Each structure stands twice: as structure tokens, then as C-alpha cells.
């Protein structure tokens, strides 16, 4: 039996369980797209920008745990993939990227649109190779798939368009189990378990820092916290897996975290890190013992000095550890941390409200109402910056909801394309974005993808007319904000013009009804909420340099004739400022 390289490529992807490919077509992809059309087994999801294709594939892989695929044509087409692929690789999700190449005979001649994909994508992948002839393709593609799935990262396969049209001799059928071997379970050696148990048994105040590595270990996490009477602090990546149904939860730490999470980390005499690569060194305790469990050895001790590092899956490692945890603990440290958390939670909730008729919509209010009205199994995607803050602090997780974002790579414009991937993978599930006005504008063409693909995503825009988090960073540094203002349209009117349902809110009294309307709409819908530009995001602890910087900003603003901004800031944040006066 004879077929083309592209035919076998498509058949192999189907065998690997691939349901769809996100991308923009081009002549160097013609062989593959025609094979997909003829075989009819894999859907082509036509996005407007290849960057969105990579983000969408990453979202699908993160939610399903299975291989997802994106593609770009030669040169500029596949170059657009790179930002989204960096995000996928840093989030550790299995994604295969197809980077088409110029005709094989022209490589090295500075041909039209020629680039070097194997050099371009090397730094954002676990495997990156070029297919140069028909006989090479099956082995290279198989290796790329196994690398992406096995290492939970990005594989990139570059293939010239003409090679895709070459004939190959049919090969014997392969099973999906041969192509996708099951992941192994890793448990540390008994001596390491004993050493960790001894450290924990000798510690009085243990705090647990849990990350996305706890995704399948919720039950074990609660058992070890109970045995140790330890408060659990979560990193942002662990929020959806850690905080629900958790009587030991004391909130998140980090720049956008809770004061209670910060305090529990700083007050412990031993920190147990579980499946987290939390990057901010200033939030770790200075004098406590530190033990870390992670599946990836390169993560051990990377963020703070550790006294013991164990390589292993979190759940099975805790199972092995629990029988060695001895003695009763009085629980006073946990009780104090939980009391601290209750106060921090109450203070944050007080800010998540609004007065009808005031014309001031607080973004916290939007996130809180959205959380209350969304489906129990909703998927949320949030843009970086202030939308991530409101998602982290006000979206309630329950074990069925999911929250994704660009939490490691920190790219703008991720929320909408990630929602495309989520909704494509789960067409019957409610998918909601928390989009910044700057992030939405950057890849706004993907609103047309929602319409064309009939994806009922609900886009909630926090429209504050600014690159809000950058503006806050400037003020905290004592600088007058520069280059952050956004001259936005009426996003709801724009959405209606292109065929989406659009609603605009300018007052808190309109908010709940508008959210209900948008969530109930059967197709894609956009909610444009005009929120307060001068809303402050206060970190869990404010240091002296931040206080000095903000005071300097206010002085500069008044001297430069912009005192009205200072007055507006005080009015908008009156509830918050009461806590510091």
C-alpha cells in the first residue's frame, strides 16, 4: 500500500488520540491539510494568528492531559507559534508543534520565507527535529510524540512542504500503547523517606507549600497536613488542585497572595514543598529547615536553599511517608494560621462589592459575582496582570472547576486563545475568560474565531483603560505612569458588530443582571465591564521601598499638575486605605 508522508503523518496523529489541530493554513502545509480533509478524523481549527494556536493547544493539553497539536506554515507562519510554545513548555503540557519549512531543495539559499525552525524552537521544547526525507518521518514523529507526552513538554517537528507529498511504503499498524507508553510512578528510596520523616517529626511548626504537582494528590495532601497539623499555602499554579474542600488552606503566597499565606511561610520552623517551583525568593522563610518533593530533579533547591530534596510523585511519596509520621501535635500553629486566614479573607471580601448608582465598578466585585454565578464545572482562563490577581483571590475552586493562565511565562493575550482550546476540547462546558483590555486587544482577531467555530466562550473584559499592573508597578517605584493608557472602544458594541452577543456595564447596579445574561446566552458573548482604573493591588506585605516609592509618586503627580489622579485613587480605594490608616 502506498501513501504520502502527509497521509502517514495524519494517521499517526489519529493513533496518538489527537482530535484537532489549531493553526493557519499555508502552501507548505497543503499536503497535511489535504490529508486531514480526506481522512476526516482530525478537525482543523482555523485561528487568526498562530500564536493563538499554540495557546489553544496548550490549554487543551493542560485540561485533558493528552497530546494537543498546533501548526504553522513556513517562515513567519510558524514563527508566530513561539510565544505560545514557550508558555506550553514552561507549564509542562504535552504539545506537538508542526513547523512547516520551505522546499527542501531551497534550504540554505536564503529562500523566500526561509528560517531555521530547529534553531528557533530549540529553547522552548523538549524535542526539536527536521524531517528531511520520507524514510525518516515515521521514527522522528513517533519520537516527538513520546517526548512530548513522556516529558510533558513541547515537541517541534519541522517538515518541508515537498517532503510531505513524497510517497512512503505502508507500515504495519501500530497500537496506541506502543506509541504512548504509560507514565511511570516515582517514589523516593526508603532511606530518603526515613530522613524526611525524622525532620518532620522533630519540627514544631510545619508549613506546606503546594503547587500544581499536587494535581492528583488532593487526598494525600490533606492526610499529611492533618498528621502534621500543618497549614497549607498554595502557589498560584496549585490553586485549582489545593484550595477546595481543604480545612488546612490558609491562602496563596506571592506578590498577589494573601497576608495569611505569607505569614504561615515566614513563621514556620520547617517548610515542606510539594510539587511546586514557586519562583519568588523573598517569600521563603529565612531560617526554617526546607524539604522539597518534586518529580523533576532540576527543580530541587532552585528557588531556596533546601536541607533535603526527594525525587518523586507527590501522592505516592506522601503515601510512603505517612506511616513514619509519629506523635500527636497540639495544633496551635495551625489554629493561629487559620485564624489569620479568616481575617485576611474577610478583608479581601469587603473590597468585592459596589454601590448601585456610584458609577464605580470594582474589579474584585466583578470576579466575585462571576464566581458565584458560573457553573460548578466552569473553566476559567485569565489574562496576566490584574485579571490574574482577581482570579487568584476571588474565583472559588471546587474540584470540578479549572483555572488556567500564563502563570509561568507571563504572556499577555493568553486568556482568549486558551479559552478557544478549552471550549474546543469541551464543547458542552462553560468556558469564561477574565480578559484585560490590553490582553484582549493584542489578539482581538480571535473573537472572529469564536464566531466562525461557533464556540460559546464568554469573554469578560476588565476595561480600565490601562495596562493596569504595569501602571501599579510604576507607581510603586515612584514613577509617573507612562505609556500605559489605552484608548478603548466600546467592546460590547464592537462584539455585536462582528456577530457576538455584547453587553456593557458601567455601574455596579447593572453587574449581576449583565453577568447572568451573558452566561445564559447560547453562543459566544462578550461582557465589557468598565472598571475603576485606579484600583490598587496590595501585596501581602508592603516593604519600606514600596511605601517610599508610592509616596514619591503622589508627590510627583501633584507637582506635575496631576493631583486629580491622587484624589481619584483615594476615592476608589477608600475601603482598602482604611486598613492602613
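The values are calculated or read from the model by the stated rules, or taken from the named source; none is laboratory data. The model shown is predicted, which means the values in this text are computed figures rather than measured ones. Counting neighbours? That spans all protein chains shown, and the Cβs are built from the backbone with ideal geometry, glycine included.
Each row is one residue, and each column tells you yes or no for (1) over 11 Å from residue 432 (Cα atoms); (2) in contact with a strand residue (DSSP E or B) (Cβ under 8 Å, 6 or more places away or on another chain); (3) touching a residue at least 40 places away in the same chain (Cβ under 8 Å).
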position: 347; (1), (2), (3): yes, no, yes
position: 356; (1), (2), (3): yes, no, yes
position: 359; (1), (2), (3): yes, no, yes
position: 368; (1), (2), (3): yes, no, no
position: 373; (1), (2), (3): yes, no, yes
position: 382; (1), (2), (3): no, yes, yes
position: 386; (1), (2), (3): yes, yes, yes
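Could you please find all residues in the stretch 421-439 being more than 16 Å from the chain's Cα centre (by Cα) and closer than 18 Å to residue 471 by Cα? Passing the criteria: 437, 438. Of the residues making up the stretch 80-110, those that are outside any helix (DSSP H, G or I) and without any contact (Cβ under 8 Å) to a residue 24 or more places away in the chain are 108, 109, 110.
Is it true that some residue in the stretch 474-481 is modelled with pLDDT of 85 or more and surrounded by 17 or more Cβ atoms within 10 Å (Cβ to Cβ)? No, because not a single residue in the stretch 474-481 is modelled with pLDDT of 85 or more and surrounded by 17 or more Cβ atoms within 10 Å (Cβ to Cβ).
Can you give me the number of residues within the stretch 188-217 that are assigned to a loop (DSSP other than H, G, I, E, B) and surrounded by 19 or more Cβ atoms within 10 Å (Cβ to Cβ)? Qualifying residue count for the region: 5. Does residue 115 satisfy the condition of being touching a helix residue (DSSP H, G or I) at 6+ places or on another chain (Cβ under 6 Å) and surrounded by fewer than 20 Cβ atoms within 10 Å (Cβ to Cβ)? No; evaluated as a whole, the condition is false for this residue.
Kindly provide the set of residues from the stretch 199-238 that are without any contact (Cβ under 8 Å) to a residue 40 or more places away in the chain and more than 27 Å from the chain's Cα centre (by Cα), ordered by number. Scanning the stretch 199-238 gives 202, 226.
Here residue 51 fits the description: within 21 Å of the chain's Cα centre (by Cα) and either in a helix (DSSP H, G or I) or surrounded by fewer than 17 Cβ atoms within 10 Å (Cβ to Cβ) (or both).
Within the stretch 388-404, the set of residues being touching a strand residue (DSSP E or B) at 6+ places or on another chain (Cβ under 9 Å), more than 19 Å from residue 440 (Cβ to Cβ) and part of a loop (DSSP other than H, G, I, E, B) comprises 397, 401. Of the helices (runs of 4 or more DSSP H) contained entirely in the stretch 435-519, those carrying at least 3 residues that are in contact (Cβ under 8 Å) with a residue 40 or more places away in the chain and farther than 18 Å from residue 531 by Cα fall at 446-453, 468-476. On the basis of being assigned by TED's automatic domain parsing to the domain that holds residue 93 and surrounded by fewer than 17 Cβ atoms within 10 Å (Cβ to Cβ), does residue 162 make the cut? Judged against the criteria, residue 162 is a match.
Summed over the stretch 62-79, the residues that are free of Cβ contacts under 8 Å to residues at least 40 places away in the same chain and either farther than 20 Å from residue 158 by Cβ or not in a helix (DSSP H, G or I) (or both) give a count of 1. Put simply, of 163, 168 the only residue that is touching a residue at least 24 places away in the same chain (Cβ under 8 Å) and part of a helix (DSSP H, G or I) is 163.
Among the conditions (1) free of Cβ contacts under 8 Å to residues at least 40 places away in the same chain; (2) outside the structural domain of residue 89 (by TED's automatic domain parsing); (3) assigned to a helix (DSSP H, G or I), the only one that residue 143 does not satisfy is (2).
Only one entry of 109, 104 meets the criterion of being more than 22 Å from the chain's Cα centre (by Cα) and more than 20 Å from residue 4 (Cα to Cα), and that entry is 109.
For residue 33, all conditions in the list (1) touching a helix residue (DSSP H, G or I) at 6+ places or on another chain (Cβ under 7 Å); (2) surrounded by fewer than 24 Cβ atoms within 10 Å (Cβ to Cβ); (3) over 30 Å from residue 405 (Cβ atoms) hold save one; what is the number of the exception? Just one mismatch for residue 33, condition (1).
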